[in-house]
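Colleague: Here you go, one structure.
The values are calculated or read from the model by the stated rules, or taken from the named source; none is laboratory data. Just so you know, these numbers come straight off a predicted model, no measurement behind them. Because the Cβ atoms are built from the backbone with ideal geometry, glycine has one as well, and the counts that use them run over all protein chains shown.
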Protein chains: 2
Amino acid sequence: MAIRQVTMQDVADAAGVSRMTVSRALRENSVVNAKTRKRILDVVQELGYVPDQAAGSLSSRKSGFVSVLIPSLDNPHFARTVQILNEELSVVGMQVLLGHTGYSAEKEEELVESFLRRRPEAMLLSCDGHTEKSRSLLEKSGIPVIELWERPHEPIQHVVGFSNFEAAQTLTRSLLDLGYSKIAFIGETRALSSRNAERFRGFQSVLEQAGLPSDRHVYQGARPFNIASGVACCKKVMEEFPDTDCIFCASDPAAFGVLTALQEMGLSVPDDIGVAGFGDFDIAHYCRPSLTTIGVDPNSLARKANELLKRVLNISADEDSTLDAREIIEVVPSLKLRGSTRQKD
Amino acid sequence: MAIRQVTMQDVADAAGVSRMTVSRALRENSVVNAKTRKRILDVVQELGYVPDQAAGSLSSRKSGFVSVLIPSLDNPHFARTVQILNEELSVVGMQVLLGHTGYSAEKEEELVESFLRRRPEAMLLSCDGHTEKSRSLLEKSGIPVIELWERPHEPIQHVVGFSNFEAAQTLTRSLLDLGYSKIAFIGETRALSSRNAERFRGFQSVLEQAGLPSDRHVYQGARPFNIASGVACCKKVMEEFPDTDCIFCASDPAAFGVLTALQEMGLSVPDDIGVAGFGDFDIAHYCRPSLTTIGVDPNSLARKANELLKRVLNISADEDSTLDAREIIEVVPSLKLRGSTRQKD
DNA sequence: CTGTTAGCGCCTTCAA
DNA sequence: TTGAAGGCGCTAACAG
């Protein structure tokens with residue numbers, strides 16, 4: 001345990017050069033005599049010198065940080081997003097500052113404020129509503145902002161995402177197309193999630209267009225909305241609306257819960273009743289019956305976000321890439337019709 | 001977009017005090033005249049001043065960072081660990097530097113080296129083997145190190161985890177106890193994961209003690225080891241060893257894959273064959289039949305890690321907590337006997 | 001309670 | 001190709 005950390009000066013002294021030469025030797029693209037550089041690197045090795053990046057970024061005015069704010073790592077799509085961004089950024093020597101908003105705009109505001117102290121070079125948010133203060137802090141900071149996973153009505157700046165409203169419409173339309181007409185909706189209380197509200201609005205709009213009632217909905221008020229929520233909501237739905245012929249869940253894990261709940265009620269899916277989820281998580285693919293759902297591939301979304309990020313940070317490999325002041329990049333969700341809904345006849 | 005960032009000096013000038021007074025006013029526990037503080041905070045608000053933490057930590061010699069290195073966020077237990085640590089640390093104003101090793105010691109070494117430049121105040125690792133250089137870098141850095149999720153033979157320093165070997169033994173013993181005798185093992189190739197190797201060793205040791213052959217094993221060589229791997233390995237096992245009466249999977253998602261594969265082969269679980277997993281993930285609880293497994297609650301592990309961390313950082317609420325040079329905190333995995341194995345008669 | 005002085009460890013800028 | 005001077009924005013330590 002070093003009593004005092006090894007500094008660049010120590011390396012310089014030991015190598016018989018100035019600090020500046022050490023600094024240059026440590027950077028890839030800088031002119032230093034080959035022999036001198038080798039000597040310096042040897043000394044670095046020997047002394048176990050590790051540069052202090054806080055000091056470096058203070059004078060270079062580049063933090064090497066990118067902030068990523070997501071609601072929760074419990075959602076595998078967000079976890080994947082973080083993982084990909086983290087890996088891609090580490091390739092260019094940058095690091096992610098990760099924060100969890102817990103789906104709360106107030107918590108997000110705190111995080112924005114505290115992360116801004118680290119002078120990140122960009123801020124990526126998963127949008128579920130932002131406070132005025134968050135917006136103003138971000139604006140004042142002058143750094144690029146990218147909102148992920150949604151398509152907000154009033155984007156802060158750049159966006160890489162899709163419309164939950166439209167995705168829910170697409171899925172609902174195909175349920176009608178399969179002949180379902182008494183479709184129930186299960187989700188989080190709308191106040192808890194704009195995302196969920198958008199999904200319900202999409203669902204509702206299609207039913208209304210078709211002249212069908214859209215009043216079969218059951219909400220769960222508390223977080224998280226998971227497998228257990230699906231079980232609980234399913235029971236409520238079937239009590240309140242026993243003649244339901246299909247259940248649309250605002251998320252796949254909940255839909256999986258619905259599948260097991262129905263099975264325990266002795267109902268067969270899809271023969272007695274249909275089930276659809278949202279998100280296209282792994283579980284939707286592998287459960288039995290496999291789950292009809294709609295969703296965006298998180299890998300693809302994260303990679304698009306990464307490309308945009310590189311462009312706004314001017315570290316794109318693509319030299320002649322242009323950048324609009326506000327890029328809205330649409331990611332198209334794909335519909336998966338699987339075993340939990342009946343075949344089209 | 002500010003052409004030049006607002007500094008503490010700007011605030012000091014506008015408030016008619018020195019920088020030091022501003023610095024003090026911004027800290028909770030420091031003596032500043034109440035009126036002066038209010039005036040300063042008003043100016044801060046007005047100017048939209050955001051302190052630069054890189055500068056602050058350069059002079060205070062406290063980075064406010066803790067490094068957390070995990071293999072992958074795809075494993076929900078690791079994601080949970082990260083989330084809890086992140087939240088707990090944010091309460092005390094610290095931030096997590098997150099890195100993914102991808103289960104590679106070399107990648108881990110790179111991350112250790114690059115994260116050390118940020119002068120983290122502690123380093124948490126999920127141990128799956130470390131290079132000599134990683135160990136030496138960590139030692140030289142002088143910061144506390146906590147290894148998570150395993151119980152390594154040669155700990156670097158502190159440990160919060162459990163023995164995969166022993167957990168696998170416990171589970172295997174109870175399978176024997178249920179009357180199974182032709183048990184197959186499915187896992188990752190041992191070279192890919194010391195964790196997996198430990199599980200296999202535990203499995204093997206119990207069978208050998210019981211005088212049973214332990215040669216029914218099928219490995220998958222490539223990452224990730226997930227639901228699809230379980231499906232694939234299950235097919236191989238049943239081809240090679242058709243009289244197998246129970247399959248022990250090195251992870252729950254794979255065991256879930258085995259369940260669906262067996263179902264498609266027309267075999268009934270647990271009537272025709274038993275299945276056990278490892279990890280006690282959500283899916284083990286909710287799949288049908290629910291899965292016999294063994295595992296540690298990630299919330300509990302993360303909280304213990306957090307407590308230890310607070311103690312080694314001397315920010316524990318508990319004043320008279322003592323700290324050994326090397327704390328080995330054991331987390332006991334709990335065995336869950338569920339529907340995927342037969343009842344004891 | 002407040003201010004002054006002197007760096008923290010590195011990089012920018014310029015000159016040699 | 002290298003070095004010297006100066007400063008990034010903040011806080012520790014001490015003095016008043």
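Colleague: Would you tally the residues in segment A:42-56 being within 16 Å of A:Ser18 (Cβ to Cβ), within 14 Å of another protein chain (Cβ to nearest Cβ) and aliphatic (A, V, I, L, M)?
Modeller: Residues meeting the conditions: 1.
Colleague: Shifting gears a bit: When the residues of segment B:242-286 are narrowed to those that are among the aliphatic types (A, V, I, L, M) and assigned to a helix (DSSP H, G or I), which ends up nearest to B:Leu176 (Cα to Cα)?
Modeller: Selected residue: B:Ala255.
Colleague: Of the residues B:Phe185, B:Phe248, which single one is touching a His at 6+ places or on another chain (Cβ under 6 Å), aromatic (Phe, Trp, Tyr) and under 28 Å from B:Asp345 (Cα atoms)?
Modeller: B:Phe185
Colleague: Would you be able to say whether some residue in segment B:197-219 is within 21 Å of the chain's Cα centre (by Cα) and either under 30 Å from B:Arg311 (Cβ atoms) or in contact (Cβ under 8 Å) with a residue 60 or more places away in the chain (or both)?
Modeller: Scanning segment B:197-219, I find at least one residue that is within 21 Å of the chain's Cα centre (by Cα) and either under 30 Å from B:Arg311 (Cβ atoms) or in contact (Cβ under 8 Å) with a residue 60 or more places away in the chain (or both), so the answer is yes.
Colleague: Tally up the residues in segment A:3-12 that are within 10 Å of DNA strand C (Cβ to nearest atom) and not in a helix (DSSP H, G or I), please. Walk me through it before giving the result.
Modeller: Restricting attention to segment A:3-12, the residues satisfying the condition of being within 10 Å of DNA strand C (Cβ to nearest atom) are A:4-12.
The next check asks that each one be not in a helix (DSSP H, G or I); those that pass are A:4-7.
Looking only at that region, the number is 4.
Colleague: Restricting attention to segment B:84-99, which residues are more than 10 Å from chain A (Cβ to nearest Cβ) and not aliphatic (A, V, I, L, M)?
Modeller: B:Glu88
Colleague: Kindly provide the set of residues from segment B:1-38 that are hydrophobic (A, V, I, L, M, F, W, C), within 9 Å of DNA strand D (Cβ to nearest atom) and surrounded by 16 or more Cβ atoms within 10 Å (Cβ to Cβ), ordered by number.
Modeller: Result: B:Val6, B:Met8, B:Val11, B:Ala12, B:Val22, B:Leu26.
Colleague: Only one of B:Arg80, B:Arg61 is of a type in the set (Lys, Arg) and under 24 Å from B:Arg303 (Cβ atoms); which?
Modeller: Among B:Arg80, B:Arg61, only B:Arg80 is of a type in the set (Lys, Arg) and under 24 Å from B:Arg303 (Cβ atoms).
Colleague: Can A:Leu335 be described as touching a residue at least 24 places away in the same chain (Cβ under 8 Å) and in a helix (DSSP H, G or I)? Reasoning before the result, please.
Modeller: Values: touching a residue at least 24 places away in the same chain (Cβ under 8 Å): yes; in a helix (DSSP H, G or I): no.
Spelling it out, it is not the case that A:Leu335 is touching a residue at least 24 places away in the same chain (Cβ under 8 Å) and in a helix (DSSP H, G or I).
Colleague: May I ask you to list the residues in segment A:125-154 that are within 14 Å of chain B (Cβ to nearest Cβ), of a type outside the set (Gly, Ala, Ser), free of Cβ contacts under 8 Å to residues at least 12 places away in the same chain and assigned to a loop (DSSP other than H, G, I, E, B)?
Modeller: Across segment A:125-154, there are no qualifying residues.
Colleague: If you check A:Thr81 against the conditions, is it more than 16 Å from DNA strand C (Cβ to nearest atom) and more than 9 Å from chain B (Cβ to nearest Cβ)?
Modeller: Numbers: more than 16 Å from DNA strand C (Cβ to nearest atom): yes; more than 9 Å from chain B (Cβ to nearest Cβ): yes.
The answer is yes for A:Thr81.
Conditions (1) more than 16 Å from DNA strand C (Cβ to nearest atom); (2) of a type outside the set (A, V, I, L, M, F, W, C); (3) over 18 Å from A:Ser57 (Cα atoms); (4) buried (at least 23 other Cβ atoms within 10 Å of the Cβ), marked per residue:
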site	(1), (2), (3), (4)
B:Gly48	yes, yes, yes, no
B:Ser59	no, yes, no, no
B:Val66	yes, no, yes, yes
B:Val92	yes, no, yes, no
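Colleague: Do we have A:Ser163 as within 23 Å of A:Val332 (Cα to Cα) and at pLDDT 95 or above here?
Modeller: So A:Ser163 fits the description; yes.
Colleague: Could I ask something else about it? If A:Thr170 satisfies all but one of (1) modelled with pLDDT of 95 or more; (2) closer than 30 Å to A:Gln95 by Cα; (3) outside the structural domain of A:Ala105 (by TED's automatic domain parsing); (4) of a type in the set (S, T, N, Q), what's the number of the condition it fails?
Modeller: Unmet for A:Thr170, out of (1) modelled with pLDDT of 95 or more; (2) closer than 30 Å to A:Gln95 by Cα; (3) outside the structural domain of A:Ala105 (by TED's automatic domain parsing); (4) of a type in the set (S, T, N, Q): (2).
Colleague: Which one of these is within 21 Å of B:Pro289 (Cα to Cα), of a type in the set (A, V, I, L, M, F, W, C) and modelled with pLDDT of 95 or more: A:Ala276, A:Ala255, A:Ala284, A:Ala305?
Modeller: Only one candidate passes the filter, namely A:Ala255.
Colleague: Among the residues of segment B:33-56, are any under 21 Å from B:Leu309 (Cβ atoms) and either under 31 Å from the mean Cα position of the chain (by Cα) or among the aliphatic types (A, V, I, L, M) (or both)? Step through it out loud before you land on a result.
Modeller: If we filter segment B:33-56 for residues that are under 21 Å from B:Leu309 (Cβ atoms), which is where we start, we get B:53.
Next, from what is left, pick out any that are either under 31 Å from the mean Cα position of the chain (by Cα) or among the aliphatic types (A, V, I, L, M) (or both): B:53.
The answer is yes, given that some residue of segment B:33-56 is under 21 Å from B:Leu309 (Cβ atoms) and either under 31 Å from the mean Cα position of the chain (by Cα) or among the aliphatic types (A, V, I, L, M) (or both).
Colleague: Can I ask one more? Assess whether A:Ser136 counts as being in contact with a Leu (Cβ under 7 Å, 6 or more places away or on another chain) and either surrounded by fewer than 19 Cβ atoms within 10 Å (Cβ to Cβ) or modelled with pLDDT under 95 (or both).
Modeller: So A:Ser136 fails the test.
Colleague: Please verify whether segment B:169-188 includes one or more residues that are without any contact (Cβ under 8 Å) to a residue 60 or more places away in the chain, facing chain A (nearest Cβ under 9 Å) and surrounded by fewer than 19 Cβ atoms within 10 Å (Cβ to Cβ).
Modeller: Scanning segment B:169-188 turns up no residue that is without any contact (Cβ under 8 Å) to a residue 60 or more places away in the chain, facing chain A (nearest Cβ under 9 Å) and surrounded by fewer than 19 Cβ atoms within 10 Å (Cβ to Cβ).
Colleague: State all residues of segment B:39-52 that are more than 8 Å from DNA strand D (Cβ to nearest atom) and not hydrophobic (A, V, I, L, M, F, W, C); if no residue qualifies, say none.
Modeller: B:Arg39, B:Asp42, B:Gln45, B:Glu46, B:Gly48
Colleague: In the set B:Phe256, B:Phe225, B:Phe278, which member is out of contact with any Leu (no Cβ under 6 Å at 6 or more places or on another chain) and more than 14 Å from every other protein chain (Cβ to nearest Cβ)?
Modeller: Result: B:Phe278 is the single residue among B:Phe256, B:Phe225, B:Phe278 that is out of contact with any Leu (no Cβ under 6 Å at 6 or more places or on another chain) and more than 14 Å from every other protein chain (Cβ to nearest Cβ).
Colleague: Please specify each residue of segment B:68-98 satisfying the condition of being away from DNA strand D (no atom under 16 Å from the Cβ) and outside any helix (DSSP H, G or I). Talk me through it step by step, then tell me what you get.
Modeller: From segment B:68-98, those away from DNA strand D (no atom under 16 Å from the Cβ) are B:68-91, B:96-98; that's our starting set.
Hits for segment B:68-98 are B:Val68, B:Leu69, B:Ile70, B:Pro71, B:Ser72, B:Leu73, B:Asp74, B:Asn75, B:Val96, B:Leu97, B:Leu98.
Colleague: Which residues, taken from segment B:111-124, are within 12 Å of another protein chain (Cβ to nearest Cβ) and closer than 25 Å to B:Glu198 by Cβ?
Modeller: B:Leu111, B:Val112
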